[in-house]
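The values are calculated or read from the model by the stated rules, or taken from the named source; none is laboratory data. Note that the structure is predicted; figures quoted are calculated from it, not measured. Here Cβ is always computed from backbone atoms with ideal geometry, including for glycine, and neighbour counts include all displayed protein chains. To get the accessible areas, we keep the full protein, side chains included, count just its heavy atoms, and leave off ligands, DNA and RNA. Shrake-Rupley method; radii C 1.70, N 1.55, O 1.52, S 1.80 Å.
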Amino acid sequence: MSTEKQKYTRNNPFMSRMLVNSRMTDPVSEKETRHIELSLEPGMDYTPGDAVGIVPENRPSEVAEVLAALHLTGDERVLDHYKKEISLEEALRTRLAIGKLTRSSVVQYGKLVQHADLQLLSQAEHRSKADEWVYGREFIDLLREYPGGITNPQQLFTVLARLTPRMYSIASSQAMANDAVHTIVRVIRYHTHNRDRQGLCSGHLGERAPEGESMPIFLHANNNFRLPEDPTAPVIMVGPGTGIAPFRAFLQHRKAHGHTGQNWLFFGDQRRETDFLYKDDLEGMVKDGVLTRLDLAFSRDQPKKVYVQDRMTENGHELFQWLERGAYFYVCGDATRMAKDVETALLDSIAKGHNSTPDDAQAYLAEMKKNKRYQLDVY
Ligand SMILES: Cc1cc2nc3c(=O)[nH]c(=O)nc-3n(C[C@H](O)[C@H](O)[C@H](O)COP(=O)(O)OP(=O)(O)OC[C@H]3O[C@@H](n4cnc5c(N)ncnc54)[C@H](O)[C@@H]3O)c2cc1C
Ligand SMILES: NC(=O)c1ccc[n+]([C@@H]2O[C@H](COP(=O)([O-])OP(=O)(O)OC[C@H]3O[C@@H](n4cnc5c(N)ncnc54)[C@H](OP(=O)(O)O)[C@@H]3O)[C@@H](O)[C@H]2O)c1
């Protein structure tokens, strides 16, 4: 990754052009997952394993709702975090997190409006109650339930957190994508407290970022998620759902550079017919020998759920043989459940393969970690 890349950062993003923004999952799928391609300028270099940061904007309709609830027009002038004077509309659209409500916002707002509920939720001993209350709510819910707190628009900068960029694992190798960066975005949509809601950045990308549109981005190095330096080393990748992203980049890179190491991918999602992300790419890589093994787990294609870790367990013996041959093991995707379950399955394969105790398996994994042969990119 070149040092020039640092020219663009989260506070000084590159105005990229949306080259491709297409739905990958079938319209009847329960999920909307999109393939995105964004333009880069010369000197913006990335390495497989890196992420792209995308700077989103709040939905104009939500900004309008907040302005209406505040009885303000949006033309009012405010000073942003850098003391730059901008309109209130711009502040609400580009600077302030009016989506997902935080406990801290409730506490700050509670200082401005006298209401027993807010005083209660602000107390440290009621932290879990406050966490429960904010879950699934946004700033507009707070304003509507407890109006009158904001008497000067500048107060919004005290109450609301700063709007922050979101990271997306890069799904391309620059050896193939040249002056573009690819990623995959799962669009978050849900219904809580009688309203349809969406994730800030994934919603923006899913709804308001058509091809040709500008999008502020920056590249983010992740030196803890890297292909082995040895091009002959075997690689095992576990990436269900959007977790497939960096592995497409890994495989493209290994193919483009003629790395001869074997590659084994575990991928899973809900249904083969509707959610097989990069099906053609992956099947093509199996055909041309880049992907030595592709094991799939479509969780909802049969009555009993099947996950990637089940496929690992079914192939535990061979998996252990790969590890013994020096394979690097990578996991990407959901941090809360999947990554933990995959680690358990890995430990189980190690213990069985070694005919050893769970403690021995832990020691084996610790050694892998030390040698950077066990790497995670989970979120
Ligand atoms: C290193 C890294 C790599 C990543 N790579 C990818 C990637 O390749 N692809 C990808 O799609 N994402 C990836 N992510 C996640 C991504 O950065 C965003 O967090 C994700 O897109 C959600 O952001 P958002 O702005 O759309 O949603 P936000 O506005 O941040 O909203 C998400 C939040 O909404 C709330 N929420 C969601 N559903 C519900 C519900 N049903 N009920 C109540 N509340 C709910 C939850 O609190 C959730 O945390 C990555 C993250 C990291 C850190
Ligand atoms: N509300 C939210 O904010 C929300 C919701 C979902 C995901 N996410 C996050 O978005 C990221 C990627 O989502 P995604 O939709 O691409 O993929 P995902 O939710 O991780 O789902 C991909 C596949 O993994 C399966 N899965 C579920 N639990 C698992 C487990 N414990 N172990 C292994 N596999 C498991 C899913 O099966 P089933 O779905 O059939 O169980 C599905 O087949 C993750 O970080 C996830 O946490 C956020």
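At-a-glance table
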| item | result |
| --- | --- |
| Count of residues meeting criterion [open to solvent by 20 Å² or more (accessible area, probe 1.4 Å) and within 12 Å of ligand 2 (Cβ to nearest atom)] in the stretch 185-197 | 6 |
| Residue check for GLU207: away from ligand 2 (no atom under 11 Å from the Cβ), acidic (Asp, Glu) and either farther than 23 Å from LEU265 by Cβ or surrounded by 13 or more Cβ atoms within 10 Å (Cβ to Cβ) (or both) | yes |
| Sole exception among (1) acidic (Asp, Glu); (2) in the same structural domain as THR183 (by TED's automatic domain parsing); (3) at pLDDT below 95 for GLU125, by number | (2) |
| Single match in LYS340, LYS372 (criterion: away from ligand 2 (no atom under 16 Å from the Cβ), open to solvent by 60 Å² or more (accessible area, probe 1.4 Å) and not small (Gly, Ala, Ser)) | LYS372 |
| Evaluation of ASN21 against (1) in a loop (DSSP other than H, G, I, E, B); (2) surrounded by fewer than 20 Cβ atoms within 10 Å (Cβ to Cβ) (one fails), failing number | (1) |
| Selected residue (only one of ARG93, ARG77 is open to solvent by 50 Å² or more (accessible area, probe 1.4 Å) and away from ligand 1 (no atom under 16 Å from the Cβ)) | ARG77 |
| Qualifying residue in the stretch 223-231 (condition: open to solvent by 10 Å² or more (accessible area, probe 1.4 Å), in contact with a strand residue (DSSP E or B) (Cβ under 9 Å, 6 or more places away or on another chain), closer than 24 Å to ARG325 by Cβ and within 15 Å of ligand 1 (Cβ to nearest atom)) | yes |
| Residue in the stretch 146-166 that is nearest to ligand 1 (Cβ to nearest atom), counting only those that are surrounded by fewer than 19 Cβ atoms within 10 Å (Cβ to Cβ) and of a type in the set (A, V, I, L, M, F, W, C) | ALA161 |
| Qualifying residue in the stretch 310-324 (condition: open to solvent by less than 30 Å² (accessible area, probe 1.4 Å) and either within 16 Å of ligand 1 (Cβ to nearest atom) or at pLDDT below 95 (or both)) | no |
| Qualifying position, being of a type in the set (A, V, I, L, M, F, W, C), closer than 28 Å to SER173 by Cα and open to solvent by 20 Å² or more (accessible area, probe 1.4 Å), among VAL331, VAL286 | VAL286 |
| The stretch 182-193 residues that are of a type in the set (Ser, Thr, Tyr), paired with ones that are assigned to a loop (DSSP other than H, G, I, E, B) and more than 9 Å from ligand 2 (Cβ to nearest atom) (beta carbon under 9 Å, 6 or more apart) | THR183/ALA171; THR183/SER172; TYR190/GLY136; THR192/TYR135; THR192/GLY136; THR192/ARG137 |
| Out of ASP280, ASP295, sole residue that is among the acidic types (Asp, Glu), under 15 Å from ILE244 (Cβ atoms) and part of a helix (DSSP H, G or I) | ASP280 |
| Extreme residue, nearest to ligand 2 (Cβ to nearest atom), among residues of the stretch 72-107 that are of a type in the set (Gly, Ala, Ser) and not in a helix (DSSP H, G or I) | GLY99 |
| Filtered residues of the stretch 53-71 (kept if outside any helix (DSSP H, G or I) and open to solvent by 50 Å² or more (accessible area, probe 1.4 Å)) | GLU57, HIS71 |
| Count - residues of the stretch 35-46 that are under 20 Å from ARG166 (Cβ atoms) and either buried (at least 23 other Cβ atoms within 10 Å of the Cβ) or not acidic (Asp, Glu) (or both) | 7 |
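So that you can scan it fast, the table gives a plain yes or no per residue for (1) among the small types (Gly, Ala, Ser); (2) within 11 Å of ligand 2 (Cβ to nearest atom); (3) touching a residue at least 40 places away in the same chain (Cβ under 8 Å):
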position: GLY268; (1), (2), (3): yes, yes, yes
position: ARG271; (1), (2), (3): no, yes, yes
position: TYR278; (1), (2), (3): no, no, yes
position: ASP288; (1), (2), (3): no, no, no
position: ALA297; (1), (2), (3): yes, yes, yes
position: LYS305; (1), (2), (3): no, yes, no
